[in-house]
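Values in this text are rule-based calculations from the coordinates and carry no lab data. Because the structure is a prediction, the values reported are computed rather than measured. So basically every Cβ, Gly included, is an ideal-geometry build from the backbone, and we count neighbours across all protein chains shown.
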Amino acid sequence: TKQACVMVLPVFGRNRPEGKILETVGVFEAVKQHGKYETGQLFLHSVFGYRGIVLFPWHARLYDRDITPPLSDNKPEPPGTHGSKEVKGKTHTYYQVLIDTRDCPHISQRSQTEAVTFLANHDDSRALYAIPGLDYVSHEDILPYNSTEQVPIQHELFERFLMYNPTKSPPFTARDTLKAWQEKNHPWLELSDVHRETTENIRVTVIPFYMGMREAQNSHVYWWRYCIRLENLGNEVVQLRERHWRIFSLSGTLETVRGRGVVGREPVLSKEQPAFQYSSHVSLQAPSGHMWGTFRIERTDGSHFDVRIPPFSLESNKDDKAPPAGYTF
C-alpha cells in the first residue's frame with residue numbers, strides 16, 4: 001500500500017523562536033522512475049531544498065565523462081584534444097521551473113536565484129537582465145508533492161503562467177501566456193547539452209546556453225551563459241579556491257583565465273551542504289568555440305587537487321533574427 005508522507009518546512013520570521021516552528025506544506029508523492037513530470041507539478045529540490053513548480057520539460061543530451069565506453073568504442077586521441085575522450089550523449093530530462101520566493105534567501109549561499117539571464121533588446125551589447133526565481137532542474141532532483149492550496153508557490157509569474165484546475169492532476173494547468181512565452185523565448189531558454197565529469201569525488205556539471213549576437217564596433221559579438229554545479233560526493237570537507245579556464249574561439253584565439261574562487265565566492269562543499277551552483281557569461285567574436293579548465297580544490301589539511309571541468313562547445317546555430325522577449329506579454 002502507498003503511504004502518504006507529510007512534508008513540513010520551518011517557518012522563518014522575526015517572532016519565530018530560532019526558526020523551529022514547522023508548517024505543513026503538502027504531501028509527498030511517489031518519485032517517477034520512468035516518464036516525466038507534467039506542467040504544474042509541485043516539488044521540493046532534493047539538493048537545494050527549495051519549493052518549486054514545473055513549467056515545462058526540456059530533453060537534453062547528457063555527455064557523462066564518468067561513463068567508460070565499451071573497449072570497441074575507444075579510439076586513439078587525436079592531437080590537441082586536451083585529454084578529451086569521445087563521449088556519447090544520452091537523452092536526459094530537465095525542467096524549467098519557478099522557485100518559491102520565500103525560499104530564495106535560504107538558498108542564495110549555495111545557488112544563484114537570478115541565474116537565468118538574457119541579452120537586453122537595446123543597443124548596449126553588454127547589457128543583461130535576469131528573471132529572478134527561474135531555474136533548470138534535472139529529473140532526479142525532483143521530489144514531487146501535492147498541496148491543497150490554490151496558490152502554493154509564491155512567485156510573480158505563478159498566476160500569470162498557471163491556473164488552478166481541481167479536475168486535473170496536478171491541479172495547475174498552463175495559461176496561454178506561458179505557452180506564448182515559451183514559444184517566443186525558446187531559442188534563448190533552450191537547454192540542449194549537459195556535460196558532466198567527476199574528479200576525486202567532486203562532480204562538475206556544465207550546461208551552456210546561447211544568448212544571441214550583438215553588433216559592437218563594427219564586429220559581431222556572440223554571447224553564452226553557462227551554468228555550473230559542483231557536488232561533493234564524498235565525506236571529506238573541501239573548499240574551492242581557484243578557477244582556471246581555457247577559452248578557444250573559432251577565430252583562432254585561445255584565452256586563459258585564472259582567478260580566485262567563482263562569482264566572488266570560495267564555496268565550502270561538505271556532507272551537510274554538498275553542492276554549489278552558479279552561472280557566468282562568455283562572449284566571443286566568432287559564432288562558435290570551446291571551453292574547458294580546472295578548479296583548484298583545497299582539503300582541510302591544506303593540500304590541493306585539481307578538478308576537471310568537462311570540455312563543452314559554444315554553438316550559435318539558432319535564429320538570431322528575433323531578440324529575446326523576457327517576460328513581457
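Here is how the numbers come out for the structure above:
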| quantity | calculated |
| --- | --- |
| Ellipsoid equivalent to the stretch 253-307 - semi-axes via the Cα gyration tensor, in Å | 27, 14, 9 |
| Neighbourhood net charge (10 Å Cβ-Cβ; Lys/Arg +1, Asp/Glu -1) for residue 98 | -2 |
| Rounded FRET efficiency, nearest 0.05, which uses the C-beta distance separating residue 251 from residue 106 and R0 of 56 Å | 0.80 |
| By average C-beta atoms within 10 angstrom, highest first, the peptides 22-29, 97-104 | 97-104, 22-29 |
| Global geometry of the stretch 154-216, whether rounded, prolate or oblate, following the gyration tensor of its Cα atoms and the 1.5 cut on a/c | oblate |
| Qualifying GluC sites (Glu not before Pro) in the stretch 88-154, DSSP loop, other Cβ atoms within 10 Å at most 12 | 149 |
| Value of D in µm² per second that Stokes-Einstein yields for the stretch 172-329, Kirkwood Rh from Cα pairs, at 4 °C (1.567 mPa s) | 74 µm²/s |
| Spherically averaged projected area in nm², based on the convex hull that wraps the Cα atoms of the stretch 108-247 | 12.1 nm² |
| Residues whose placed amide H lies under 5 Å from that of residue 286, excluding near-sequence neighbours | 222 |
| Efficiency of FRET from Cβ geometry, residue 258 and residue 140, R₀ 25 Å, rounded to 0.05 | 0.15 |
| Between the stretch 144-179 and the stretch 225-279, the Cα center-to-center distance that results, in Å | 35 Å |
| Extended-chain gain in nm, criterion 0.36 nm per residue less alpha-carbon gap, residue 129 and residue 159 | 8.6 nm |
| Label-to-label distance, nm, for residues given as residue 151 and residue 218 (7 Å Cα→Cβ offset) | 5.5 nm |
